[in-house]
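Data block below; observations after.
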Amino acid sequence: MNEGIQRLLGEGPKAINLGLEEFAQALEAQGAKVVHVDWSPPPPEAEELQDLLEKLL
Amino acid sequence: MFRAVQIQKRRYFDSMFLMRVTQHLQAEPGVKEAAVVMGTPANVQILLNLGFPAADLAEVGPDDLVIAVAAEDEVAAGKALAKVEEFLSGRREGAIQAPKTLAQALARLPEANIAVISLPGHHAGREAHKALDAGLNVFLFSSNVPLEEETALKKKAREKGLLLMGPDCGTAIIAGIGLGFANVVRRGPIGLIAASGTGAQEFTSLIHRAGAGISHAIGTGSRDFSDKVGGLTALAALEALETDPATEVLVLLGKPPGENTLQRLAERLRHAQKPVIACFLGVISEAIKKKWPGKLVSLIDDAVAAALSTLGLPVPEFLRPENLEELAERERQKLTPRQRFVRGIFSGGTFCYQAQLFFHTARVPFKSNAPLLPEHELPNPFQSEGHTLLDMGDEFFTQGRLHPMIDPTLRRERILKEAEDPEVSVLLLDFVLGYNASPDPVGNLLPAIRAAQEKKRKNGEHLVVVASVCGTEADPQDYKKQVEKLEEAGVLVFSTQAQAVRFVLTLLGGGR
């Protein structure tokens, strides 16, 4: 039922980090695997399109 | 004075990084005032207050980077602006190879099992949806995610058998690894499900200092126990920890749940597979007590003691209420007759809340900017009245700023302001250690504490400074070292926050 959760609890976090880069550094310092995303805001048209798609689907 | 504003459309940097860039910029020659911030309404307001022209800021949106410099002349301002780009692109150079999207990052780390999201609220929900769709659990640190989006995310997580911690989730510890603001604690048999961030930090730290350990501490986000969300994450976490072989006893921690959520949780706990202790920080009605199927407490210290006892472990000395009267009387003697009021200046929301609970139970009137009950509301958060207990991490204070666990500026200023008041006798403070908190929380405030003590001395008064430190010796800041620094400065340090508040109430009790 909750395999995804059990995998997280069993293996410990292997993380993708979006936002504060310090969070990625702290995870690394604790020996966890982490990839930091160099994130940028999507152009507004893309956001609108995606919201529309989500509604349609 | 020459003022320059530069706007870079749709360029994002995180707030902690921008705070450092701002500090560099403020130190540049000829610069009087500077800010490098994302163009949120709160930040724009701050820039307007600093005297930057409204016309220059009219077109700014929350996804735009704003660089604002006030320098002694145009040349100095120009040099400073050029320097900013150096700082910013220095970061970018390292980031050239970095993935730009969640999908690209997943290609880099296909075994990933969680997304840690601390983006601005208006983007965080969308990325959390993408993460769930990709089969990832989510730790959603961001606040300002709309309630409907929270519920939609949690329902999606449930359908997919994934965990959505947050939004507004400050801390979690999964298999010994801390996410967000987390303390370094030993692993052990106690599983925590918490809707309150600093509450979870105090609980896990005290468990560690008591010699026991934590299997997992799952954050639910601050609104999870409300009837609008209905405890969706708490229920998912409960199910997960019940089947988790590392967990022997569970603790549920947060403000008292809404009526319907309470019902749901109580119903679920009637057939719980493991012992569950509930710690509802708040005024617990008799009706709740009657309905609740298991052990129910309302203080963090009591939850720690109950968890230890359930496991057959001894409750350590530092959790037992001490006889504080002697120490209180000694301090009382030093105060002038006018000195009667306590000012609590907290960085942890739960600590402010727990202090209010103590005051309320002891029937000592007080005010707060994050009031326990409507009657406790402090009309102007900048102006204390009588006994005042302040949550400096409240949105009112953090608009356009980092949390006081990282940026000590506002707490420093408030300590100095309170020392000016001849009716103030006690400063009650908290210090939160751990990953992502300030590297030296005590060191940040010590100069202000010393200045406040000195100010009082000059006025022929005494200042009682009472503190608690939330953390462990394994934290990067080291609990012991932080406590020593406080004690050297004459601060009375108590082993838990509850004990610190108890002492303050004892001090007030002696005929005052």
Practice item. Please give the net charge around residue A:11, taking every other residue with its beta carbon less than 10 angstrom from that of residue A:11, where Lys and Arg add +1 and Asp and Glu add -1. Key: +2
Practice item. Would you mind pulling out the separation of the Cα centroids of region B:136-197 and region B:419-442, in Å? Key: 27 Å
Review point. How much length is gained if the chain between residue B:82 and residue B:318 is pulled fully straight, taking 0.36 nm per residue apart and subtracting their Cα-Cα distance, in nm to one decimal?
Key: 79.5 nm
Study note, to complete from the structure: The alpha-carbon center of region B:103-126 and that of region B:345-386 are separated, in whole Å, by 37 Å
Review point. Shape of region B:418-503 from its Cα gyration tensor (a ≥ b ≥ c, root eigenvalues): rounded if a/c is under 1.5, otherwise prolate when a/b > b/c, or oblate?
Key: prolate
Exercise for review: Per DSSP H run of n ≥ 4, the term is -39500 (n - 2.57); total these for chain B, divide by its residue number, and report the mean residue ellipticity at 222 nm rounded to 500 deg cm²/dmol.
Suggested key: -12500 deg cm²/dmol
Review point. Given the C-alpha centroids of region B:43-60 and region A:7-32, what is the distance between them in whole angstrom?
Key: 37 Å
**Study point:** Cβ neighbours within 10 Å from other chains - mean over B:181-187
**Key:** 1
Practice item. May I ask you to list the lysines whose Cα is less than 17 Å away from that of residue B:295, ignoring any residue fewer than eight positions away on the same chain? Key: B:255, B:274
**Study point:** Gyration tensor (alpha-carbon) shape descriptor, the protein assembly as shown, a/c threshold 1.5
**Key:** oblate
Revision key, fill the gap. Where a ≥ b ≥ c are root eigenvalues of the Cα gyration tensor, a/c under 1.5 meaning rounded, otherwise prolate if a/b exceeds b/c and oblate otherwise, region B:77-231 counts as prolate
Practice item. Would you tell me the mean number of C-beta atoms belonging to other protein chains that fall within 10 Å of each C-beta in B:155-161, as a whole number? Key: 2
Check your understanding: Computed FRET efficiency, Cβ-Cβ of residue B:309 and residue B:377, R0 35 Å: what is it to the nearest 0.05?
Key -> 0.40
Review point. Treating the beta-carbon of each Lys and Arg as +1 and of each Asp and Glu as -1, no other charges, what is the dipole magnitude of the protein assembly as shown about its Cα centre, to the nearest 20 debye?
Key: 1080 debye
Review point. For peptide B:233-241, how many partner chain Cβ atoms fall within 10 Å of a residue's Cβ, on average?
Key: 2
Revision key, fill the gap. Between the modelled labels at residue B:473 and residue B:89 (7 Å from Cα along Cα→Cβ) the distance in nm is 5.0 nm
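Read the figures in this text as sums done on the coordinates, not as results from a lab. Model, not experiment: these values are computed from the prediction. Cβ atoms come from the backbone with ideal geometry, glycine included; neighbour counts cover every protein chain shown.
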